[in-house]
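Single-structure report; data block below.
The values are calculated or read from the model by the stated rules, or taken from the named source; none is laboratory data. If you're wondering where the values come from, they're calculated on a predicted model, not measured in any experiment. Virtual Cβ from ideal backbone geometry, glycine too; neighbours counted across all protein chains shown.
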Amino acid sequence: MATESFKFLAELRKETGKKAARRIRRLNEKVLGTVYGAGKAPQSIVLWQKDILKAFENEAIFSSILTLEINDKKQKVILKDVQRHHTKPKILHIDFQRIKASKTLTMHVPLHFIGGEESPGVKAGGIISHLQTDVHIRCLPDDLPEYIEVCISKLDLNESLHLSDLKLPSSLKLATAIEEENNLPIVSIHLPRVSKVDIKNEAAEANLAVAKAIEESLLVKSAEITTDHSKSEKVSTQKQKKE
């Protein structure tokens, strides 16, 4: 079950329009937001940038029930959308959805993979590939988990787990029914691939080593021939002197 440890203070936004929005973001270091749902009218709100950025350091915020306090009134919400600055570590806009305890939610929940070091595939030199980092589920608010554990301790080389292999509690359902065409792989283990560049480099290094060995061998033989020739000349000279 997801925790409710994330709490945000917000104010109702009084100014509207693009110019007002830019001024609020620039001068006050605040984030514009909207809260909607549960049969109530949408509210335009303003939150502190530093509070949002701090909370976003924890991935659990994306799959947790949040407490949003606006003018001393608290309401339970979930995070539905985030608009980030394209170059700066800043949040431009954030959307919250009010929740009802009896109404089913549809959420993306992170996958946490465990047991990788124990898997036969990793022990055989394989590399784990996380093909999906979260899964789309449906559940009641009280049943919303912070994450879903996926055990891969028995995964061997060239094997993978698919969405259909997830062991979900009865309170959780995948948002989309699994069919053959959408039963996506979520994790796999394979030996590292050797690129053509690596193969060429290895071949070039091997050829260079062979060439150096041949060159050194020729130099040694040349030196031996020179030495033998010098010895022959010396013996011949000595014979001539004796005669």
May I ask you to verify whether Ser160 is surrounded by 15 or more Cβ atoms within 10 Å (Cβ to Cβ) and assigned to a strand (DSSP E or B)?
yes
Given (1) within 16 Å of the chain's Cα centre (by Cα); (2) part of a strand (DSSP E or B); (3) under 30 Å from Leu66 (Cα atoms), index of the condition Gln132 fails:
(2)
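How many residues does the range 180-198 contain that are at pLDDT below 90 and assigned to a loop (DSSP other than H, G, I, E, B)?
Filtering the range 180-198 for residues at pLDDT below 90 gives 180-181, 193-198.
Going one step further and asking which of them are assigned to a loop (DSSP other than H, G, I, E, B), we end up with 193-195.
Here the count works out to 3.
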Taking the condition touching a Leu at 6+ places or on another chain (Cβ under 8 Å) and buried (at least 17 other Cβ atoms within 10 Å of the Cβ), does Ile127 pass?
no
Lys76, sole failed condition from (1) out of contact with any Phe, Trp or Tyr (no Cβ under 9 Å at 6 or more places or on another chain); (2) surrounded by fewer than 16 Cβ atoms within 10 Å (Cβ to Cβ)
(2)
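Does His93 qualify as being surrounded by 14 or more Cβ atoms within 10 Å (Cβ to Cβ) and modelled with pLDDT under 95? Explain how you work it out, then say what you get.
On the way: surrounded by 14 or more Cβ atoms within 10 Å (Cβ to Cβ): yes; modelled with pLDDT under 95: yes.
Considered against the rule, which asks whether it is surrounded by 14 or more Cβ atoms within 10 Å (Cβ to Cβ) and modelled with pLDDT under 95, His93 comes out as yes.
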Can you report the number of residues in the range 145-174 which are over 22 Å from the mean Cα position of the chain (by Cα) and closer than 20 Å to Ile61 by Cα?
1
Sort out which residues of the range 35-59 are farther than 27 Å from Pro145 by Cβ, surrounded by 13 or more Cβ atoms within 10 Å (Cβ to Cβ) and not aliphatic (A, V, I, L, M), and write them in order of number.
Gln43, Ser44, Trp48, Gln49
Scanning the range 60-73 residue by residue, the ones that are surrounded by fewer than 17 Cβ atoms within 10 Å (Cβ to Cβ), part of a strand (DSSP E or B) and touching a strand residue (DSSP E or B) at 6+ places or on another chain (Cβ under 9 Å) total 2
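Residue-wise test of (1) modelled with pLDDT of 90 or more; (2) assigned to a loop (DSSP other than H, G, I, E, B); (3) more than 30 Å from Ser153 (Cα to Cα).
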residue	(1), (2), (3)
Ser5	no, yes, yes
Ala21	no, no, yes
Tyr36	yes, no, yes
Met107	yes, no, no
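Answer yes or no: is there a residue in the range 74-82 that is assigned to a loop (DSSP other than H, G, I, E, B) and either over 25 Å from Asp51 (Cα atoms) or aliphatic (A, V, I, L, M) (or both). Write out each step before concluding.
Applying the first criterion (assigned to a loop (DSSP other than H, G, I, E, B)) to the range 74-82 yields none.
Scanning the range 74-82 turns up no residue that is assigned to a loop (DSSP other than H, G, I, E, B) and either over 25 Å from Asp51 (Cα atoms) or aliphatic (A, V, I, L, M) (or both).
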Name the residues in the range 139-150 that are surrounded by 15 or more Cβ atoms within 10 Å (Cβ to Cβ) and in a strand (DSSP E or B), would you?
Cys139, Ile148, Val150
Residue by residue through the range 163-179, note down the ones that are buried (at least 16 other Cβ atoms within 10 Å of the Cβ), in a loop (DSSP other than H, G, I, E, B) and touching a helix residue (DSSP H, G or I) at 6+ places or on another chain (Cβ under 9 Å).
Leu172
